[in-house]
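Worksheet: one structure, shown below.
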Amino acid sequence: MMPEGDDAARAEKLRWFRQSRFGMFVHWGCHAVLGRGEQILSRDVMPLDEFRPLADDFHPEPDWAERLAADAGAAGMRYVVLTTRHHDGYALFESEHDDFNAARTGPGRDLVAEYVQALRDAGLGVGFYYSLMNWRWRGYWDAAGYPDEVEQMIEQSHAQIRELMTNYGEIDILWFDGGAPAGQRTPGRWAGEAVVEDRAEFWHAAEIEAMVRELQPNALLNNRSGLAGDFGTPEQRVQADAGGRPWETCMTLNYAPGWGHLRHSLADKTPTEVLYHFVDAVRLGGNFLLNVGPRADGYIDDRELSVLRPIGEWMKLHGEAIYGTKPERIYPGGGHPQGPMFHYGMWTCRGDVGYFTVFYYPGADLIVSKIGPAIVSAELMTTGQQLQVEPISNSRARISGLPAEPPGPLAPVVKVRFEGPPYGIETRGAEWLDGGFE
Ligand code: FHN
């Protein structure tokens, strides 16, 4: 049992995580030199002597980390998770356990140290993504042919995680990935026989977790080591973890699966599509980790900023509808089977207040139905306008005084104060046809 102090501190860190709601995922490495995604080594079936030189051409700008922190803060994000090492094994940090790292190749410096300093200076939470697997080990693909390499690969991952947990001060989030055991068949391409089916057993995840808990007792761990960790990680979709456990949807700006820098993407989501998934996650009590793939110079390119910036403007006006909200009782069982909308939009809640993000804008009058208790007041957050509230039949309310046209390019938010914490009401019987639904 951890000592009292650690339990209280970890509970506070989890509270901070859930309150934050919104983070930036950053997939970056020497693969950005090519601009064809983070998995180019395996997807292009690239020989190592074709891949390794990318690291020598990788030259981030001196202020890349400050710019990244500024872009995350401007978007309304409260923490960042950076790929300190992705599947290709290139480490953005100085490591005694693999020369293939930023300090000993093109950049000539520890990029993770710069990242940590910039985030702390900007008041943002510090997250490290670390891929347990490293594709540059032949034993990963052919465990039988290179049996010694399997253990060397696992030992290297343990040793590098120790470096990450030791050399950079207090870390808020450790985001495991790449946990498929050696030899396991990966989606659609590599036929293999897993050395061990169970991911936690293969990576000795319990030893990793014990080491992390000792070095970083308050760090939050995700569930991708094969152990439960502190939070779930639905990918490219919104899906609440069972039992109210913290969870975080991670999502690309493009139509998957391009996480790393893409020189050109003709399949990006619009700001409103991103906002839709973002509010959908928050309405159900989840976090949203939105991904960017910076260029080799470390800067986020204009194509991705063209989506982040409108989201940031929206967050400036409506962040109160996101940070620290909880689903309360307004979405019993996760809401309508036909989709996340309460026919006009999505509700997020805090105490007696419901925030209605209105994606299907009705015009001057908005009808609130199937939600109790009675409404006390309403305000259009987007403009600050006070609105009129009139109780009408079938336990509804008419909120009027809205502009005839949507007041901005993204969904506006109506802040509704109820007589108590809002809750969903199921329609029943036929009285409502005569206006008698109570
Ligand atoms: O293969 C990786 C992928 O490149 C990316 O890092 C995502 C992020 O969650 N994780 C794996 C795919 O699930």
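Coordinate-derived values only; no laboratory data. Owing to the predicted nature of the structure, the values given are computational and were not obtained by experimental measurement. Cβ: placed from backbone, ideal geometry, glycine included. Neighbour counts: every protein chain shown.
Would you kindly state how much longer the chain becomes between Y146 and E197 on full extension, computed as 0.36 nm times their sequence separation minus their alpha carbon distance, in nm to one decimal? Walk me through the intermediate numbers first.
Values: separation 51, 0.36 × 51 = 18.36 nm, distance 1.82 nm.
Using 0.36 nm per residue and subtracting the Cα-Cα distance, I get 16.5 nm.
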Report summary line: region 8-65: relative contact order from alpha carbon pairs under 8 Å, six or more residues apart, as a whole percent, is 26 percent
Report task. Specify which residue in the list L221, V126, A321 is farthest towards the positive end of the charge dipole of the chain, using unit charges on the beta carbon of Lys, Arg (+1) and Asp, Glu (-1), about the Cα centre. Result -> A321
Requested in this report: Find out how many positive minus negative residues lie around D352, taking Lys and Arg as positive, Asp and Glu as negative, among other residues whose Cβ is under 9 Å from that of D352.
Outcome: +1
Query raised in the report: Any idea what angle helix 205-215 forms with the longest principal axis of the chain, computed on alpha-carbon atoms, 0 to 90 degrees, nearest 10?
Result: 80 degrees
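Over region 332-425, what relative contact order in percent results from Cα pairs under 8 Å that are six or more residues apart? Provide the component values of the computation, followed by the final result.
Values: 197 pairs, mean separation 34.8, N = 94.
Over region 332-425, the number comes to 37 percent.
For the chain, compute Rh as the Kirkwood radius over C-alpha pairs and then the Stokes-Einstein diffusion coefficient at 25 °C and 0.890 mPa s; write the answer in µm²/s, rounded to an integer.
Numbers: Rh = 23.3 Å.
After rounding, the answer is 105 µm²/s.
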Query raised in the report: Any idea which of A102, G243, G293 is furthest toward the positive side of the dipole for region 4-321, if Lys and Arg beta-carbons carry +1 and Asp and Glu beta-carbons -1?
Result: G243
Query raised in the report: Between the helical axis of 147-166 and the dominant principal axis of the chain, each derived from Cα atoms, what acute angle in degrees is found, rounded to the nearest 10?
Result: 60 degrees
Query - the chain, dipole about Cα centre (Lys/Arg Cβ +1, Asp/Glu Cβ -1), debye to the nearest 20 - result: 1420 debye
Report task. Rounded to the nearest 10 degrees, what's the angle between the helix 271-283 long axis and the longest principal axis of the chain, both from Cα atoms, 0 to 90? Result -> 80 degrees
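Total Lys pairs in the chain closer than 22 Å by alpha-carbon, pairs eight or more apart in sequence or interchain only?
On the way: K13/K326; K269/K316; K316/K326; K316/K415; K326/K370; K326/K415; K370/K415.
Qualifying lysine pairs in the chain: 7.
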